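Written below as structure tokens is the structure these notes are about.
The values are calculated or read from the model by the stated rules, or taken from the named source; none is laboratory data. A quick note: this is a predicted structure, and the numbers were derived from the prediction, not measured. As a convention, Cβ positions derive from the backbone with ideal geometry for all residues, glycine included, and neighbour counts pool all protein chains shown.
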Amino acid sequence: MTHFPEALLDGYLAFKEHKYVNEAARYRQLAEEGQTPDTLVIACCDSRAAPEIIFNAIPGQIFVVRNVANLVPPYKPDGEFHSTSAALEFAVQALRVKDIVVLGHGRCGGIKAALDPADEPLSPGDFIGRWMELLRPAAEAVSTNQWMTDIERQTALERISIRHSISNLLTFPCIEILHGRGKLHLHGAWFDISQGELWTMDAKTGDFSCVV
């Protein structure tokens, strides 16, 4: 029999003894009344870049969707399985969020895979390779720039991918309509793991600037 990971049990016990005690009333309220977050954060699966920790969020404050490289696919109701699109639909149509944040981060493994498509796939299905094809044109343009270093290419594509995902968000009719009416705002942000810096994107220029 496989035992439940000890580190997770220790973490849960610490949570129950400290954090849950401080937030017990809020958890009970959330259980009874449901969630009403104002913000949807689309983030990467990377264990080093958890939105709840980066934004010091309290329970129920943000609705989080995580996938490889924090990508948003274009609107495509083709009958296939679309996890990210389903979460977007729920956040916008049911929860009525007011803000959507696409949160990228430094040293992203998915972005690295997009820049090195010749690498052997991790499995016969090559799910990561297929997923990162969403960025193929941009990845090819960046990877062939001989004047950039490897780190510069990586950072450039990480930020380009954020702008790309925001562009794809606007292909969803419900998002385009609400955004056009000023009832839904789209934001880009990039987190530097090594320095703990948050860079936010200017909606007009697409440029990123450090918060502090």
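Values for this structure:
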quantity: Filter result for Ala86 (more than 12 Å from the chain's Cα centre (by Cα), crowded, with 18+ Cβ neighbours inside 10 Å and free of Cβ contacts under 8 Å to residues at least 60 places away in the same chain); calculated: no
quantity: Glu133 being under 24 Å from Asp46 (Cα atoms) and touching a Lys or Arg at 6+ places or on another chain (Cβ under 9 Å); calculated: no
quantity: Scan of segment 1-51 for residues that are surrounded by 13 or more Cβ atoms within 10 Å (Cβ to Cβ), acidic (Asp, Glu) and without any contact (Cβ under 8 Å) to a residue 60 or more places away in the chain, ordered by number; calculated: Glu23
quantity: Condition check for Ile100: assigned to a helix (DSSP H, G or I) and either among the β-branched types (Val, Ile, Thr) or more than 16 Å from Tyr75 (Cα to Cα) (or both); calculated: no
quantity: Given (1) free of Cβ contacts under 8 Å to residues at least 60 places away in the same chain; (2) more than 23 Å from Tyr75 (Cα to Cα); (3) surrounded by 11 or more Cβ atoms within 10 Å (Cβ to Cβ); (4) hydrophobic (A, V, I, L, M, F, W, C), index of the condition Phe191 fails; calculated: (1)
quantity: Residue in segment 62-81 that is small (Gly, Ala, Ser), in the same structural domain as Phe191 (by TED's automatic domain parsing) and under 22 Å from Ser194 (Cα atoms) present; calculated: yes
quantity: All positions within segment 93-112 that are crowded, with 19+ Cβ neighbours inside 10 Å and out of contact with any Gly (no Cβ under 7 Å at 6 or more places or on another chain); calculated: Val97, Ile100, Val101, Leu103, Gly104, His105, Gly106, Cys108, Gly110, Ile111
quantity: Subset of segment 52-83 (residues that are basic (Lys, Arg) and surrounded by fewer than 17 Cβ atoms within 10 Å (Cβ to Cβ)); calculated: Lys76
quantity: Qualifying residue in segment 4-13 (condition: out of contact with any helix residue (DSSP H, G or I) (no Cβ under 6 Å at 6 or more places or on another chain), charged (D, E, K, R) and within 16 Å of Ile62 (Cα to Cα)); calculated: no
